1. Cβ-Cβ under 7 Å, sequence separation 6+ or interchain: first residue in region B:600-619 and more than 14 Å from B:Y544 (Cβ to Cβ), partner of a type in the set (S, T, Y) and assigned to a loop (DSSP other than H, G, I, E, B). Which pairs?
2. Taking region A:15-51, which residues are more than 14 Å from every other protein chain (Cβ to nearest Cβ) and touching a residue at least 60 places away in the same chain (Cβ under 8 Å)?
3. What are the residues in region B:91-148 that are part of a loop (DSSP other than H, G, I, E, B) and within 14 Å of chain A (Cβ to nearest Cβ), if any?
4. Name the strands (runs of 3 or more DSSP E) wholly inside region A:78-183 in which the number of residues that are within 14 Å of chain B (Cβ to nearest Cβ) is 3 or more.
5. So which residues in region A:107-120 are within 12 Å of the chain's Cα centre (by Cα) and within 16 Å of A:K203 (Cβ to Cβ), if there are any at all?
6. Among residues belonging to region B:6-33 that are touching a Leu at 6+ places or on another chain (Cβ under 7 Å) and acidic (D, E), point out the one that is modelled with the lowest pLDDT.
7. Provide a single number: the residues in region A:184-211 that are among the small types (G, A, S), more than 19 Å from A:T153 (Cα to Cα) and in a helix (DSSP H, G or I).
Amino acid sequence: MKKEDVYKKLTDAVVSGDEKLSTATAHDAISMELDAYECIQQGLNKGMQIVSDLYEQRKVFVPQILRSARAMNMAVEILKPHLEVDSKSSGTVVLGVVEGDIHDIGKNLVKLLCEAAGYTVVDLGKSVTKDAFVASIKESSPQVVGMSSLMTTSMVGMPDVIAAVREVDGNIKIIIGGGAVSQSYADTIGADGYADDAAKAVKLIGKLVGA
Amino acid sequence: MILLSSGYHNKVLRVDLTKGRTRIEHTDERFYKVFLGGAGMGAKILLDEVPSHVDPFQPANKVVFATGPFQSTRIPGSAKWSLISKSPMTHTFGDSAAGASFGPSLRGCGLDAIVVEGRSPSPVYLWIEDGTVELRDASALWGLETFDTIDAMKSDTSKKASVAAIGPAGERLVRFACVVVDKHSYAGRSGIGAVLGSKKFKGIALSGSATPSFFDGGALDDIRKDITRTMARSDRGKELRAWGTPGGFATYNALDNTPKKNWDGSSWTEEGKEMETPHYNEALNVKPKACISCPLACHRHVSFEHPSYGVDGPGPEYETLAMLGANCLVREVRAVAKANDLCNRYGMDTISAGSAIALAMEAYEKGWFPPHVIGDLHIDWGDPAIVLHLIDLIGKREGIGSIMAEGAATLGATLGKEGYAVHVRGLDVPGHDPRLSYSLSVNYATGTRGACHYRGCPEETEIGGFLLPEYGVTKKPRFFEVEDKTRLAVIHQNFGAIMGSAVLCAFMFVEGEASISRYLDALNAMTGWGWSFEDLSRCGERIYNFQRLVNIRDGKGPAYDVLPKKLLTPAPDGARMGKAPPFDDMMQECYKLRGWTKEGYPTREMLASVGIEPSLYEDHFDLATMKEVIK
């Protein structure tokens, strides 16, 4: 099997939400001594992007996304110990879904990819209050805070969080994502960046922390 | 005429540091069929080339970095490689194995082994890229801690290089100095890092992708896939990934398998709670880390902040929790993680460091230290700060650290308390108690590298129920029963000799539930030898006995088949209350099972029966007098 075939198999496993296939293929990849990071990026992540696109086009729905995320997660768990992680953390990222919103699939993907890229991630979970964000940044002094929101009803809370974060530490970069928001919304509320998928979010974080 | 063996490169690199020259030497199939590789190969080189009068730190001592047949196969467990030399701890055969990706990289350079000889006038390291060999100046690296050394060697050579290096402990000849590989694996035991230090040899960086020709590459591929898949499904394997070797601590401690208070303590379950998983994982923020091509990923990467104990690096294994934690009565897992990190960076074995520190604590409590030696130090049981301080003193060889750097056995002898240092042949006993697993008593006493829980891991059968059906070990025996325990030790030692020479990680079998037969299929697919299990088993017995010959030749024979008194003294309470193995009887049984004389010496016939013909030793060793042949 060529490495491109392995990547493709990983992609297919995520798209079809087949965790048996994704884990077996991850083990094959290790046994072939393929680069674990490439397997995540070229294989699993690509699959997740396809699923995200299908979701946007309303061709798949949340249960499928969840199955795909699970298939991806389980394969990542197998590949992670083989990642060439720099023993120094590249930085700390605080993540949370804003208050009133419980859609955390995207946020979980960002978390996975951030960890794979060597960041320390503090995951506050879903429906996170402004105070919880503030308490967390006081405790863990992150370089980046990421907020997400899938619903227009919850995205309106973002400016408040941004103001509170800036008050604690003006140097912290704040990025937003999720179905409800956009680059122009990010510009409007004074966020430092926006990304429309998890892979772009990690690249954005890298740019913001100068890694 | 050279008979090339499939599955090997049939090439060994000789590095003469005195002259600064390297050359390639050819090996062949007849040699590999007898000694397999790794620790088997190393024993042969020691018997032939390092006479008994040579001190481990003299230039005439040699260090062998050896692979076995498995290192080019990507089969799980094949990341391992063996490091062999005359040990500064035992003054005879010493070996240690590490993983990461160094073994496969060595093979990738088109070599089966590297033999480092002589002594360089100034610090050097070795860089091999595919077939190109270069000795480079290491003056700028001398004095650097291990992780910085590895980073520096990588940036000087290639980001893709696999690096094995020593740290300040090796340079300062701390007798239990180790070799650190790729910042997450260690050839810890036997003190060979110090031998490299004596040679002014900082380490080796390797990069290459050569593979030898295989007898049946297609079949080998199928077997590899089969082994990987079986192992990936193993429940014990999944547990190992989740908890690593620290997962054993709770059980081991509750059973008083874990040493406490320099082996005098018992019943420490409450005190040991912090070290147990899942607390270990939570407190240290654990991530699993794997050697190349391993589906199990038992290594731990930890990262946490703490005013005195912050660590970002490899986490402590079970042995370290036992030796630097429980055996010193230290309860705080973060402190043990810090102690582990310090040892890693100085480049020293945590088992022997823990043993020396525990003895120092006992000596301090009992007032054995002359006041001028101890100064204003307070070496109290359970004090994490003093443990860290002593590691520093050892690593720098300052003050009392200078004596402790000679190892617990020498520390005990210096204090006139020889019997209180817990070692066999000079190598400290690791964190498994023979008063619980009786088989360990024989296993330790006749260990060819000294007390070892891995070149023979019968405790895994007694405690964990690890079975070896091919060897007839089909059920977990009962604790404290004597019957069959000696035989269990002998079987495990023979199996351990295969692991050390093949070279394979025993966790594949102990935790990954891999089958020995399947690995034998792989060996046959590589080499075309067509070995039966009996052939393999005989090979293990052969290598073990050959290492024993080196022990005897070096004056470390049967007279050293003893256990420290502490390990034969029953505990007043706890899980093994009142129990101790009937050691003398078991040793007699061991000699009998081995086919040795009742004094513990192998005979000519016995040796021939396992394939050690007189021609393999008689130029260097006289079986009639059990002495070296002086030419």
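1. B:T603/B:T597
2. Listed by number, the residues that qualify are A:I40, A:Q41, A:N45, A:M48, A:Q49.
3. B:G99, B:A100, B:S101, B:E145
4. So the answer is A:120-123.
5. Within region A:107-120, A:L109, A:V110, A:K111, A:L112, A:L113, A:C114, A:E115, A:A116, A:A117, A:Y119 qualify.
6. Of all residues in region B:6-33, those touching a Leu at 6+ places or on another chain (Cβ under 7 Å) come to B:9-13, B:15, B:20, B:22, B:24, B:28-30.
After this cut, where a residue has to be acidic (D, E) as well, the list is B:28-29.
Details: B:D28: 90, B:E29: 95.
This residue is B:D28.
7. Count: 4.
For (1) within 15 Å of B:P123 (Cβ to Cβ); (2) surrounded by 24 or more Cβ atoms within 10 Å (Cβ to Cβ); (3) aromatic (F, W, Y), each residue gets a yes or a no:
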site: B:L144; (1), (2), (3): yes, no, no
site: B:D151; (1), (2), (3): no, no, no
site: B:S158; (1), (2), (3): no, no, no
site: B:R175; (1), (2), (3): no, yes, no
site: B:V180; (1), (2), (3): no, yes, no
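The values are calculated or read from the model by the stated rules, or taken from the named source; none is laboratory data. The structure presented is a predicted model; accordingly, all values stated were derived computationally and were not measured. Because the Cβ atoms are built from the backbone with ideal geometry, glycine has one as well, and the counts that use them run over all protein chains shown.
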